[in-house]
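Colleague: Structure in structure tokens, see below.
Quick note: the coordinates plus some simple rules give every number you see, no bench work behind them. These numbers were taken from a predicted model, which means no experiment stands behind them. For neighbour counting, all protein chains shown are included, and Cβ atoms are generated from backbone atoms with ideal geometry for every residue, glycine included.
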Amino acid sequence: MDSIRRGNELRGRFVFLFVFCTNLVFAQEAPRWVTRQAAVYPPDKYLTGTGEGRTEEEARIRALAQISRFFQTTVNDTQGLFYSYRETLPGPEEKISTSQQSVVTSEADFFGVRFAETYFEKNGTARSLAYIDREEAPEVYDLRIAACLTQVSEILNRYENSPHPMAAIKRLQAARESAVLAETLAGIAVLINPGAADHYRGITAILPRVDAAIDASRVRLTAGVSINDERFRSLAHYAAEAVKNEGFAITGNGGVYTLEIIVTPNESKTANNFIVQPEIAAVFKTADGSPVASWYKAYAAVRHPHSTDAAVSRVLHTIEHNFNAEFPLELHKAIGGLR
């Protein structure tokens, strides 16, 4: 009996201790930010957001979502901004400066957000406060902006006067996105800390320079179109239209790019018919002869009793239809996005 009584007493003490400890965990004293947020994080010094959830992580995500709404006057999609920035970072094989070596793994890290001590209410609900220190914000954003501007500078140095405008435009368009991103980040930094406006004033000069380089490259988008068989001259017209639709100016000779249409008619004659069995090849290439886009099709033999020219006329409509339906798509697939 004594042993049973002692066992019951021990169990009673254990239950008491468990309940007491549990109450200690969930009845912790609320951090000052819960009861006096404005005093601990005055609005003139901090930008804040709060969130609740079943877990600390859930509460922090909601606090971050709330603080992100502050940026929506400047940025509609803060997550999109974060991922745009990630794309400006150098690849693993590229040399990077010390300022760019910090790994940005989350939106919170990207925006310079910190979290106060999480508070757990008696019912287990987690409450979190996210904040940005307005005075420290310029330092955080300077790192992000520097990464964008480094990419812009490297691309401009390499492609601003490139003799290969197609490659230049695509790279300069990437530089443009980074320049826009740098301006956006500077705008956010000033939104957080208006006193930093002068610090970022020069950034607005970067985008016009990139746009000027893109415009200069577009001027150099010239192409000459040639065909080796005048009976198929209509194909040259369709080809020129396709090239113009991609942003090129058509020149008689001396274009930076050339579009060559090569017709192999494969003519033959029997006792009763003239025969053609055409093969059509179109190649768009750079000044050094490197192919950019190509199209090829071979046709079955076509017969006509009067002449090979008449046989060509019989199959020409089909060739025109195929070429006009297929070649522009191949061209756009290879070089689209230059406009």
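Colleague: Pull up the DSSP beta bridges for the stretch 221-335 and report the antiparallel fraction as a percent, rounded to 5.
Modeller: Expressed as a percentage, antiparallel bridges in the stretch 221-335 total about 70.
Colleague: From zero outward in steps of 10 Å, how is the percent of C-alpha pairs of the stretch 214-339 spread across the bins?
Modeller: 13, 42, 26, 14, 4, 1, 0
Colleague: Another question, then. When the chain is treated as a GNM, springs tying every alpha-carbon pair under 10 Å, which of Ala146, Ala175, Ala30 comes out with the largest mean-square fluctuation?
Modeller: Ala30
Colleague: Treat every Asp and Glu Cβ in the stretch 151-252 as -1 and every Lys and Arg Cβ as +1, leave all other atoms uncharged, and give the resulting dipole magnitude about the Cα centre to the nearest 20 debye.
Modeller: The dipole magnitude comes to about 140 debye.
Colleague: Next up: Ranked highest first by the average count of other Cβ atoms within 10 Å around their residues, in what order do 270-276, 235-241 fall?
Modeller: 235-241, 270-276
Colleague: Oh, and also: Which of Thr150, Thr73, Thr48 ends up with the largest GNM mean-square fluctuation for the chain, with Cα atoms connected below 10 Å?
Modeller: Thr73
Colleague: Quick check: pseudo-label points 7 Å beyond the Cα along Cα→Cβ at Thr125 and His306, how many nm apart are they?
Modeller: 9.1 nm
Colleague: If you don't mind, there's one more thing I want to ask. Could you tell me, in Å, what Rg and Dmax come out for the Cα atoms of the chain?
Modeller: 34.3, 126
Colleague: Specify whether the C-alpha gyration tensor of the stretch 130-174 places it in the rounded, prolate or oblate class, a ≥ b ≥ c being the square roots of the eigenvalues: rounded for a/c under 1.5, otherwise prolate if a/b is larger than b/c and oblate if not.
Modeller: prolate
Colleague: Give me the dipole magnitude in Debye, nearest 20, for the chain about the Cα centre, with unit charges on the beta carbon: positive for Lys and Arg, negative for Asp and Glu.
Modeller: So the magnitude is around 600 debye.
Colleague: Okay, moving on. Highest first, please rank the peptides 31-44, 244-257, 50-63 by the mean number of other Cβ atoms sitting within 10 Å of their residues.
Modeller: Final packing ranking: 50-63, 244-257, 31-44.
Colleague: Roughly how many whole Å is it from the C-alpha centroid of the stretch 181-198 to that of the stretch 199-217?
Modeller: Between the Cα centres of the stretch 181-198 and the stretch 199-217 lies a distance of 17 Å.
Colleague: What's the angle, to the nearest 10 degrees (0 to 90), between helix 78-88's Cα axis and the longest principal axis of the chain?
Modeller: 60 degrees
Colleague: Give me the one-decimal nm value for the distance between modelled label points at His317 and Leu329, 7 Å along each residue's Cα-to-Cβ direction.
Modeller: Going from the His317 label point to the Leu329 one covers 2.2 nm.
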